[in-house]
Every structure is written in structure tokens, then in C-alpha cells.
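Inspection log for the structure reproduced underneath, given as C-alpha cells.
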Amino acid sequence: MRCLPALLLVAVAGPLSVAAQSHAPAAKPDHKPVAHAPASHAPHWTYEGKGGPKDWGRLDPAWAICSTGHEQSPIDLGGPVASHKARIEERFTSSPFVLFHNGHTVQAALEKPSELLAEGAKFQAIQFHFHHPSEHTIRGKAYPGELHLVHKNAKGELAVLGVFIAIGPKDNALFEGMLSRIPRHEGDSVKFAAPVDIGMLLDDHHDELEDVYTYHGSLTTPPCSEGVRWTVRARPLQVSLRQMQRLVEVLGESARPVQPVYARH
Ligand SMILES: [Zn+2]
């Protein structure tokens, strides 16, 4: 158990963290459930107002767990769910991908999956996407952004690696390569044919011990399915203020509020 230095959280305060509530609605959930009706039949959901997070559990009987579940995500970290030192056991690949703006987020579908070992089981990374501000918080503070690398195993179970995005002093060159061509409107997609090293994009420190938070949670979008193994890295990915602003222009507000921790630790 180890406390996160307060310094890491300094980037949270600022104009980007929470203010603008301007999210565009759309039909597709960003985390596709294992067993769920086709996206085209899914009710309309949003991040604010009518159809917002408080309503998700009532919009569709299949989404009831959004309201009733006791293992929902995101959560506040650093309290009952404390960090520990661990290696993030992921064999990252270089992969081409297609970036798609689905109306809720911008999501990259990976052509060559990375492989994650979580609780002794193998998972393959299928996509990553972004949220603004971060969905997980650390002792009540959010980062400006959070990237989710979503993995699936042969049984269809999910494991997500969460990486916070903080504002650092300079442009992040790898991030810029993606950001410069990011699809700006719902339904737009852009093919990145040249393979991108996903480990480098996430600023992975290979086999070093990292402060991580691990817990059992859910999808953070409807249908809020539980049984998701979460690993959230304490060390954020750094981008410049300009880069974060550009990402926020495209994403808008795209974070579910933190959920009760209940019995998790
Ligand atoms: Zn997500």
C-alpha cells in the first residue's frame, strides 16, 4: 500500500478538468457488451441531462445493473482500493488501427492485438479510447483525461488497462501523430496504416514495477456489465496543454461519475 505523491495530481486543476458539459449523443456504446442487442437498437444515452448517467439503468431493462450493481466503474481510488507495486504484464505490439468517432468517444480498433496477463489469464487488447475528464479519480481528484485499453479473453471476459492523461510541459510526439489526424465528428473514421507501438504510445515502462490500482468493476458505459478486471496505472501519460485542448474539442465531456465502492478493496 503506497500513497501517490500529491504532485502528480497538480495537473488536475485548471480549465480543462470539468467545466464544459457538451457531449454529443449517438447510438453506439463505446464498450461493446459481450451479450447485448445490436447497437442500432440501443436506446439513446448521454453524459448529461436526460439520458445521462443517473438514467442509464432505466433506459433499457438490460442496463438495470448500471443502477443496481455493486461492482460498477469508475470508482475513486486511493481509499479502500489502494495502489500496490506491480508489473503491468502486457506484451505490447505495433499495430495499424482505425480511429473511429462513435459519438461518445474516439476509439481505435487494433489490428494486431497486444496481450495482457491479468490474474493469470491471457487477454488480447482489441481497442483503446479516451475520456475527458478522467473517469477514475484519486482521492477525489480527476485528471484531464483517461485512456482505456480494452482487452478480451477467449471466454469473452474483459480486462481494461486505464492510463490517466496529465498535462506536461511539452508536446508528446507519438500522441501528436494520432491527434493530428483524429476524426472530429461522429461517424468519421481515419485509418492509421503505419503500425503504432502501443507500448510507446502509453509510455509503458516495460517490466518495471509500477504503482497500480487493481479491482473488479464494470464497463463505464451502458450496459455497465460487471466482471471487468481493472488495472489503473498511477503514473499518467503526459501531453501538452495544446494537445489536451484539441482532444477535448473532439471528445467533449465523456466521463461517468464515480460509483460507490461498496465491499471492494
Ligand atoms: Zn472507457
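What follows draws every value from the coordinates through simple rules; no lab data is involved. Keep in mind it's a predicted model, so treat the numbers as computed, not measured. Cβ: placed from backbone, ideal geometry, glycine included. Neighbour counts: every protein chain shown.
Would you mind getting me the FRET efficiency between ALA193 and GLU226? Use the beta-carbon distance for r and R0 = 25 Å, nearest 0.05. Approximately 0.10, to the nearest 0.05. Our coupling estimate for segment 254-265, obtained by passing each phi through the Karplus curve with A = 6.51, B = -1.76, C = 1.60 and θ = phi - 60°, is 8, 10, 6, x, 5, 10, x, 6, 6, 8, 6, 7 Hz, Gly and Pro reported as x. Near ASP197, the amide H atoms lying under 5 Å from its own belong to SER95; only residues 5 or more places off or on other chains count, and H is placed 1.01 Å from N. Ordering VAL232, VAL163 from the fewest to the most neighbouring beta carbons within 10 Å gives VAL163, VAL232. Taking Lys and Arg as +1 and Asp and Glu as -1, the other residues whose beta-carbon sits under 14 Å from that of MET200 total -4.
What the phi angles of segment 108-120 give under the Karplus curve with 6.51, -1.76 and 1.60, with θ = phi - 60°, is a coupling list of 9, 8, 7, 8, 10, x, 7, 10, 10, 9, 10, 6, x Hz, glycine and proline written as x.
For GLY217, neighbours were defined as the other residues whose beta-carbon sits under 9 Å from its Cβ, and their charges (Lys and Arg +1, Asp and Glu -1) total 0.
Shown in residue order for segment 198-209 are the 3J(HN,Hα) couplings computed by the Karplus curve 6.51 cos²θ - 1.76 cosθ + 1.60 at θ = phi - 60°: 5, x, 5, 4, 8, 6, 5, 9, 6, 8, 5, 5 Hz (x for Gly and Pro).
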